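K.L.:
Shown below is the structure under consideration.
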Amino acid sequence: MGAWSARHRKAAVFGWLLFVVLAAFLGGASGSHQITDSESMPGQVAQAARILDQAGIKSPQGETVLVQSAARTADDPVFRAKVDQVIAAVDGTGKTTDLRSPYDTKAISADRHSALVQFTVIGDQDQAATDVAAPLNAVAGVQQGDHAFTVAEFGQASATKLSQDQFKNDFSSAEWTAVPLALGILLIAFGAVVAAVLPVGLALTAFIAAGGLVALSSSFLHTSNDASSVMLLVGLAVGVDYCLFYLRREREERAAGHSAEEALKIAAGTSGRAVLVSGITVVVAMAGMFLTGIADFQAMSYATIVVVITAVLGSLTVLPALLSMLGDRVDKGRVPFLHKLKAKDLNSGSRIWNAVLTPVLRFPLAAAVLAAGLLLALAAPLVTMHTANLTFEQSQPKGTPLVVTSQRIEAAFPGSPAPAEVVVKAADISSPAIKQAITDLQNQALASGRMHGPFEVTVHRAQNVATIAVPLNGSGNDATSTAALDTLRNQIVPNTLLKVPGTQAPVTGDTAASHDFNQQMTDSMLPVFGFVVLFAFVLMLASFRSLGIAVTAVLLNLLSVGAAYGVLTLVFQHGVGASLLGTAGVGAVESWVPLFLFVILFGLSMDYHVFVVSRIKEAHDRGLGTRAAVAHGIRSTAGVVSSAAIIMVAVFAVFGTLSMESMKQMGVGLAVAVLVDATLIRGVLLPSVMTLLGERNWYLPSWLAWLPNLSHGEPAAAPTAGDGYSEQPARHEGSRHRRVTV
């Protein structure tokens, strides 16, 4: 691929640009189809959403305005006048319906210092999230300048609006922060403007093209906002890294004295191959998320697969063409001091990594024990990890006005959470049998002692659908609520509604959604983990024809994932150091984050592993002993691995600074894992373990001898004297290798 691109430079470059433009245009023209409610959740919650969707019944977007005064009560004429002012202001927007006064609904607190004005925003969820701005502004106008009262709004529509606004702002912030950050790091890494711009430019074009392809295909595989965030996160990280691996190897070979054509050929055969293997590993790992059966995960998986394939394609085609066109002009725009520093590093390796590697290779057992012990200590908090669907208050930054309002309402009106909802679909919703079944359900619910009134029954006769609101005991996420949900689903509903032939009665609601999602996650955890580990092992085995390399890769990746899990638990569950990230310990890790991190980290960790081990195997295949090959491989890749890791950590850390709690957890988890992977794992544990294993690293059972023997480099490219080795001809007759001694 590299040779073809170098020979057909214009075709490769303009073909890539045409591909990017067409993908972006067609994707924009087709529009993006988002995941529906019935797809986003598993189990009975999805079944209930499908029934309501098919019937055309939209969930009302309820809003509440808190009117509160420390000095006055609801019986005070001034308090009543303030309530009337709120009602008039909200009604005047023309965007609301079902406006109710607290004096009619009795929504007045026990101490009578708080009251709730309730209404519904007109339209479905998306329309209501747009139109709720009008009542929010109206309520803010009532509050303005009045310090005697607290007047604030909270509800489903305003919460949706906040989430959408946060996503747009966070996404924009990530773009404007991560790209310049990556560019600055590359400038330091290469010491030249052109060389620094190339990886970022290719990564961005790959992201743009992938975004268009995902939108274009979203008509049959719906996408989501989370998928777009993940695509930017992973696309920028791997796109820059893949180009960095390729470009750095080409520059290294030119510095070693090879011609431009020969340097490009070596880079294509070595780093290009490592990029291909790494990309395939990421794709296979991400494909494991399809086994969850959850639409959001499938959307994130698909978006990541598309952007990784696009980044690999760009790295193996347009990048060689550009390098062939530019030649040594890729070093244009040199930063004098930095460029001299980089040239020196290409010949002598990193001084820091030299200092680290020397004792590691001298005392490999001690280094392996210390590094493994440190990683296990980082992973230790994992045993206390508690996952949960974070509540609205937990998922938002502390002190957000909408969160403060929600907490004030909860404090003034303590009580049970949102009720469970039984969605009934029958042949004739008005039949005597259904009416009697609904009555029996209410009676049995009260008799169970796990549910309480009041029950609210809404009948939609035209659609033959009814909804029954059943308040559950407990807080909504505790064992009491879960037990009540189990009783309702598995005892009461089957004994009442489901006895009527042809009736469907799934149970939904916040408690049900959390339960079904966590259950689906638990059920899919083992298949996903097994799939990812097995295929990563097979790919490493096929790529390196070594059982030892494949086993080592899997175990080291598991250690880095465990360390990331431990840090996540320590920071976000227990709150250690959380204030540094602008958050606080929320008592749990978002339920989808651990599985997502496992899949994506197992793929991304292979970036460094494949790249480093490929260089080690190159040296070993040329005749170096294992210890010398390890030293050469680690030292020769130290600069590029450090640069790539810094870029990945920086990009992921940007997501750790965003406002949404789930994005913080994902960003911090990824940043920690990559940092650990590129330092402790690749710099200490990998060389020490490979040194201890010696020639057993390359062991392949005879029954696996049929595996293809894939080349790992150009035999002509020998390690330079700067690596600290002298070469002597092997003394045994007929040998084509050279003996290399330290």
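The values are calculated or read from the model by the stated rules, or taken from the named source; none is laboratory data. Predicted, not measured: the structure shown is a model, and the values here were computed from it. Please note: Cβ atoms are built from the backbone with ideal geometry, for glycine as well, and neighbour counts cover all protein chains shown. For the accessible areas, the whole protein counts, side chains as well, though only heavy atoms, and no ligand, DNA or RNA atoms are used. Shrake-Rupley method; radii C 1.70, N 1.55, O 1.52, S 1.80 Å.
K.L.:
Take the residues of segment 197-236 that are touching a residue at least 60 places away in the same chain (Cβ under 8 Å) and in contact with a Leu (Cβ under 7 Å, 6 or more places away or on another chain): which is surrounded by the fewest Cβ atoms within 10 Å (Cβ to Cβ)?
P.N.:
In this case the residue turns out to be LEU216.
K.L.:
Taking LEU624 as the residue in question, decide whether it is part of a helix (DSSP H, G or I) and either surrounded by 23 or more Cβ atoms within 10 Å (Cβ to Cβ) or touching a strand residue (DSSP E or B) at 6+ places or on another chain (Cβ under 9 Å) (or both).
P.N.:
Working: part of a helix (DSSP H, G or I): no; either surrounded by 23 or more Cβ atoms within 10 Å (Cβ to Cβ) or touching a strand residue (DSSP E or B) at 6+ places or on another chain (Cβ under 9 Å) (or both): yes.
So LEU624 does not fit the description; no.
K.L.:
Residue by residue through segment 255-302, note down the ones that are farther than 30 Å from PRO42 by Cα and either under 17 Å from the mean Cα position of the chain (by Cα) or of a type in the set (A, V, I, L, M, F, W, C) (or both). Steps first, please.
P.N.:
Applying the first criterion (farther than 30 Å from PRO42 by Cα) to segment 255-302 yields 255-279.
The answer is ALA255, ALA256, ALA260, ALA263, LEU264, ILE266, ALA267, ALA268, ALA274, VAL275, LEU276, VAL277.
K.L.:
Looking at segment 182-196, which of its residues are under 16 Å from ALA645 (Cα atoms), touching a residue at least 60 places away in the same chain (Cβ under 8 Å) and not aliphatic (A, V, I, L, M)?
P.N.:
Within segment 182-196, PHE190 is the sole residue that qualifies.
K.L.:
With respect to THR741, determine if the residue is at pLDDT below 80, touching a helix residue (DSSP H, G or I) at 6+ places or on another chain (Cβ under 9 Å) and within 30 Å of ALA182 (Cβ to Cβ).
P.N.:
Details: at pLDDT below 80: yes; touching a helix residue (DSSP H, G or I) at 6+ places or on another chain (Cβ under 9 Å): yes; within 30 Å of ALA182 (Cβ to Cβ): no.
Here the answer is no, as THR741 does not meet what is asked.
K.L.:
All but one of (1) over 19 Å from PRO381 (Cβ atoms); (2) surrounded by fewer than 24 Cβ atoms within 10 Å (Cβ to Cβ) hold for ALA631, so report the exception by its number.
P.N.:
So the condition that ALA631 fails would be (2).
K.L.:
Same structure again: Go through segment 569-619 residue by residue and tally those that are under 24 Å from ALA303 (Cα atoms) and under 20 Å from the mean Cα position of the chain (by Cα).
P.N.:
Number satisfying all stated conditions: 20.
K.L.:
Name the one entry in PHE149, PHE119 that is surrounded by 20 or more Cβ atoms within 10 Å (Cβ to Cβ) and either free of Cβ contacts under 8 Å to residues at least 12 places away in the same chain or in contact with a Pro (Cβ under 9 Å, 6 or more places away or on another chain) (or both). If you could, list the steps in order and put the result at the bottom.
P.N.:
Values: PHE149 fails: either free of Cβ contacts under 8 Å to residues at least 12 places away in the same chain or in contact with a Pro (Cβ under 9 Å, 6 or more places away or on another chain) (or both).
Criteria check complete, one pass: PHE119.
K.L.:
Is at least one residue of segment 84-97 assigned to a strand (DSSP E or B) and in contact (Cβ under 8 Å) with a residue 12 or more places away in the chain?
P.N.:
Taking segment 84-97 first, the residues assigned to a strand (DSSP E or B) are 96-97.
Narrowing further to those that are in contact (Cβ under 8 Å) with a residue 12 or more places away in the chain: 96-97.
Yes, segment 84-97 contains a residue that is assigned to a strand (DSSP E or B) and in contact (Cβ under 8 Å) with a residue 12 or more places away in the chain.
K.L.:
Would you confirm whether any residue within segment 519-530 is under 27 Å from the mean Cα position of the chain (by Cα), among the aromatic types (Phe, Trp, Tyr), at pLDDT 90 or above and in a helix (DSSP H, G or I)? Walk me through how you get there before you give the answer.
P.N.:
Step one: filter segment 519-530 for residues under 27 Å from the mean Cα position of the chain (by Cα), giving 519-530.
With the extra rule that they be among the aromatic types (Phe, Trp, Tyr), the set shrinks to 529.
Restricting the remaining residues to those that are at pLDDT 90 or above gives 529.
Right, trim to in a helix (DSSP H, G or I) and you get 529.
Yes, because at least one residue in segment 519-530 is under 27 Å from the mean Cα position of the chain (by Cα), among the aromatic types (Phe, Trp, Tyr), at pLDDT 90 or above and in a helix (DSSP H, G or I).
K.L.:
Further, regarding this structure: What are the residues in segment 483-512 that are modelled with pLDDT under 90 and surrounded by fewer than 22 Cβ atoms within 10 Å (Cβ to Cβ), if any?
P.N.:
Within segment 483-512, just ASP510 meets the criteria.
K.L.:
Condition check: part of a helix (DSSP H, G or I), aromatic (Phe, Trp, Tyr) and within 13 Å of the chain's Cα centre (by Cα). Does PHE652 satisfy that? Quick ask: steps written out before the conclusion?
P.N.:
Numbers: part of a helix (DSSP H, G or I): yes; aromatic (Phe, Trp, Tyr): yes; within 13 Å of the chain's Cα centre (by Cα): yes.
In short, yes.
K.L.:
Output the residues belonging to segment 545-596 that are among the small types (Gly, Ala, Ser), assigned to a helix (DSSP H, G or I) and free of Cβ contacts under 8 Å to residues at least 60 places away in the same chain.
P.N.:
As a first pass, look at segment 545-596 and keep what is among the small types (Gly, Ala, Ser): 546, 548, 550, 553, 560, 562-564, 566, 575, 577-579, 582, 584-585, 587-588, 591.
With the extra rule that they be assigned to a helix (DSSP H, G or I), the set shrinks to 548, 550, 553, 560, 562-564, 566, 578-579.
Those that are among the small types (Gly, Ala, Ser), assigned to a helix (DSSP H, G or I) and free of Cβ contacts under 8 Å to residues at least 60 places away in the same chain: ALA550, ALA578, SER579.
K.L.:
State which residue is least open to solvent (accessible area, probe 1.4 Å) when the search covers only segment 392-402 and only residues that are out of contact with any Ser or Thr (no Cβ under 9 Å at 6 or more places or on another chain) and either assigned to a helix (DSSP H, G or I) or more than 17 Å from THR150 (Cβ to Cβ) (or both). Before the answer, list the steps.
P.N.:
Of all residues in segment 392-402, those out of contact with any Ser or Thr (no Cβ under 9 Å at 6 or more places or on another chain) come to 394, 399, 401.
Next, only the ones that are either assigned to a helix (DSSP H, G or I) or more than 17 Å from THR150 (Cβ to Cβ) (or both) stay: 394, 401.
Working: GLN394: 53, PRO401: 101 Å².
Top of the filtered list is GLN394.
K.L.:
Also, quick follow-up: Among the residues of segment 65-83, count how many are of a type outside the set (Lys, Arg) and either open to solvent by 30 Å² or more (accessible area, probe 1.4 Å) or free of Cβ contacts under 8 Å to residues at least 12 places away in the same chain (or both).
P.N.:
To start, the set of residues in segment 65-83 that are of a type outside the set (Lys, Arg) comprises 65-71, 73-79, 81, 83.
Going one step further and asking which of them are either open to solvent by 30 Å² or more (accessible area, probe 1.4 Å) or free of Cβ contacts under 8 Å to residues at least 12 places away in the same chain (or both), we end up with 68, 70-71, 73, 75-78, 81.
Qualifying residue count, segment 65-83: 9.
K.L.:
Starting from residues that are in a strand (DSSP E or B) and either closer than 29 Å to GLY212 by Cβ or β-branched (Val, Ile, Thr) (or both), keep the ones in segment 33-64 and report whichever is most open to solvent (accessible area, probe 1.4 Å).
P.N.:
Of all residues in segment 33-64, those in a strand (DSSP E or B) come to 34, 61-64.
Subset that is either closer than 29 Å to GLY212 by Cβ or β-branched (Val, Ile, Thr) (or both): 34, 64.
Values: GLN34: 85, THR64: 28 Å².
For segment 33-64, the residue satisfying everything is GLN34.
K.L.:
I've got another one for you. Among the residues of segment 182-195, are any closer than 25 Å to ALA23 by Cα and either outside any helix (DSSP H, G or I) or within 21 Å of the chain's Cα centre (by Cα) (or both)?
P.N.:
Checked against the condition, which is being closer than 25 Å to ALA23 by Cα and either outside any helix (DSSP H, G or I) or within 21 Å of the chain's Cα centre (by Cα) (or both), segment 182-195 yields at least one hit.
K.L.:
Going by what's in this entry, would VAL459 be described as free of Cβ contacts under 8 Å to residues at least 12 places away in the same chain and surrounded by 15 or more Cβ atoms within 10 Å (Cβ to Cβ)? Spell out the reasoning first.
P.N.:
Values: free of Cβ contacts under 8 Å to residues at least 12 places away in the same chain: no; surrounded by 15 or more Cβ atoms within 10 Å (Cβ to Cβ): yes.
When the stated conditions are applied, VAL459 does not pass them.
K.L.:
A further question on this structure: Give the residue that is farthest from ALA115 (Cα to Cα), with candidates limited to residues of segment 348-391 that are of a type in the set (S, T, N, Q) and assigned to a loop (DSSP other than H, G, I, E, B). Walk me through it before giving the result.
P.N.:
Here is the first cut: in segment 348-391, the ones of a type in the set (S, T, N, Q) are 348, 350, 354, 358, 384, 387, 389, 391.
The next check asks that each one be assigned to a loop (DSSP other than H, G, I, E, B); those that pass are 350, 389, 391.
Working: SER350: 67, ASN389: 30, THR391: 24 Å.
Within segment 348-391, the match that is farthest from ALA115 (Cα to Cα) is SER350.
A quick yes/no check of all residues on (1) within 19 Å of SER59 (Cα to Cα); (2) among the polar types (S, T, N, Q):
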{"residue": "ALA138", "(1), (2)": "no, no"}
{"residue": "PHE154", "(1), (2)": "yes, no"}
{"residue": "LEU162", "(1), (2)": "yes, no"}
{"residue": "SER172", "(1), (2)": "no, yes"}
